Structure formats: C-alpha cells, structure tokens
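Below is one structure, written out as structure tokens; the observations come after it.
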Amino acid sequence: MKESSFVSAYLKMDEESDYVLQNSPCAFLGNDNKCSVYEYRPLACREYPHTDRKNMIQILGITEKNTLICPAVAIIFEELKKGYL
Ligand code: SF4
C-alpha cells in the first residue's frame, strides 16, 4: 500500500497537525484484542506511551491526553507534576 493511500484510508490530521487514527479502536486491532500488524506497527505504536523521550516537554499536550486512555501514563504524569509543580 502506498503511503498516501494509507494516510487517506486510516489517518486524519488533528488540531495540532499530527496524524492520528481516524477511528478508535484502531482498524488493526483484532477480535483477539491483539495488533494484527504487530511486526509492522508504526513507530508511534512502538514508542507508546512516549514517556521516556528526552524531549518529553515538547509533547506534554499529547501526554496529558494519553492520561485519559492509559493508566500508566496517568501515574507517570502525576509523578512528573510532583517534581515540577
Ligand atoms: S499497536 Fe498500533 S497499529 Fe497495532 S492495533 Fe495498536 S494502535 Fe493499531
């Protein structure tokens, strides 16, 4: 599949000009609750939840959104707030 076809079939641009999935849950999540493209999953999936990035300060907005869907991110975010607020 060409990149442009993939983008138009599965992705959309969010308000921060980042590509995000058009649908949730992801179209590649199987009925067995496993990733059907695991070996080829995108870098963003491989790096999720992005809490070990050196430039994490630049993605705080995304990280805050992720606190709503990932308990691990919520815990990490609360710990970070203790250190910086
Ligand atoms: S790992 Fe990524 S590609 Fe796979 S199901 Fe989850 S969101 Fe979709």
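Read-outs throughout are calculated quantities, based only on the coordinates presented, and are distinct from any laboratory measurement. Just so we're clear, the structure is a prediction, and the values are computed from it rather than from any experiment. With ideal geometry, Cβ positions are generated from the backbone for all residues, glycine too; neighbour counts draw on all protein chains shown.
With a cut-off of 8 Å between alpha carbons and a minimum separation of six or more residues, what is the relative contact order of the chain in percent?
Details: 39 pairs, mean separation 10.5, N = 85.
Dividing the mean separation by the residue count of the chain yields 12 percent.
Less than 14 Å Cβ to Cβ from residue 7, Lys/Arg counted +1 and Asp/Glu -1: what total charge do the surrounding residues give? Walk me through the intermediate numbers first.
Values: positive: 2, 12; negative: 3, 14, 18.
Spelling it out: positives minus negatives among the neighbours equals -1.
Per residue, how big is the convex hull of region 1-47 when only Cα atoms are used? Give it in Å³. Display every interim value, and only then the final one.
On the way: hull volume 4.4 nm³, N = 47.
Convex hull of Cα atoms, per residue: 93 Å³.
Within the chain, count lysine pairs with alpha carbon atoms under 30 angstrom apart where the residues are 8 or more positions apart or belong to different chains.
Taking the chain as the scope, the lysine pair count is 13.
Sort all Cα-Cα distances of the chain into consecutive 10 angstrom bins from zero, then give the percent of pairs in each bin up to the one containing the longest distance.
14, 44, 32, 9, 1
Whole angstrom only: what separates the Cα centroid of region 9-34 from the Cα centroid of region 48-74?
Using only Cα atoms to place each centre, the spacing works out to 17 Å.
When only DSSP loop residues count, what GluC sites (Glu not before Pro) in region 1-60 have their Cβ near at most 15 other Cβ atoms within 10 Å? Mind showing how you got there, number by number?
Numbers: sites: 3, 15, 16, 39, 47; in loops: 15, 16.
Those that pass, being in a loop and sparsely packed, are 15, 16.
Roughly how tilted is helix 71-84, in degrees to the nearest 10 and between 0 and 90, from the longest Cα axis of the chain?
With both axes taken from Cα atoms, the answer is about 30 degrees.
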